[in-house]
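For reference, the structure discussed in these notes is given below.
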Amino acid sequence: MKPSQEAVEQNLKDAGCGWETICKFLECFQQGRVEEQLQLLSQQRGRLLEKLHTQQKQIDCLDYLVYQLEKGLAATKEAPQEKPRRSVRREYH
């Protein structure tokens with residue numbers, strides 16, 4: 001059973017397709033041009049993967065900064081704490 005045009009349109013919206021892609025896809029859908037539909041879906045998939053890779057790099061940058069901060073925090077906790085030096089007054093008689 002073939003999905004309805006409304007269901008296909010909603011799926012394309014949910015997949016983040018723009019209006020232009022949706023219109024082209026639906027035109028191909030109505031005319032049974034499956035190869036062109038597959039090409040449009042592949043292009044959208046590529047755009048989504050590019051965004052995903054960009055966002056993964058951003059997450060990696062944040063993770064690195066968190067790592068550096070935690071590493072610095074752990075180093076300050078592990079460093080032996082110097083006792084404050086008291087000034088000693090020596091009185092000579």
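Taking 19 Å as the cut-off, the amide N atoms of the range 12-29 that come nearer than this to a point 7 Å along the Cα-to-beta-carbon line of Gln55 belong to 12-19. The apolar share of the surface of the range 24-67, taken as the fraction of accessible area on carbon and sulfur atoms (1.4 Å probe, ligands and nucleic acids excluded), comes to 59 percent. Net length available on complete extension from Tyr67 to Ala79 is 2.5 nm, with 0.36 nm assigned per residue and the Cα-Cα distance removed.
The values are calculated or read from the model by the stated rules, or taken from the named source; none is laboratory data. None of the values given here were measured: they were computed from a predicted structure. So basically every Cβ, Gly included, is an ideal-geometry build from the backbone, and we count neighbours across all protein chains shown. Quick note on the areas: whole protein, heavy atoms, side chains included, nothing else; ligands and nucleic acids left out. Shrake-Rupley method; radii C 1.70, N 1.55, O 1.52, S 1.80 Å.
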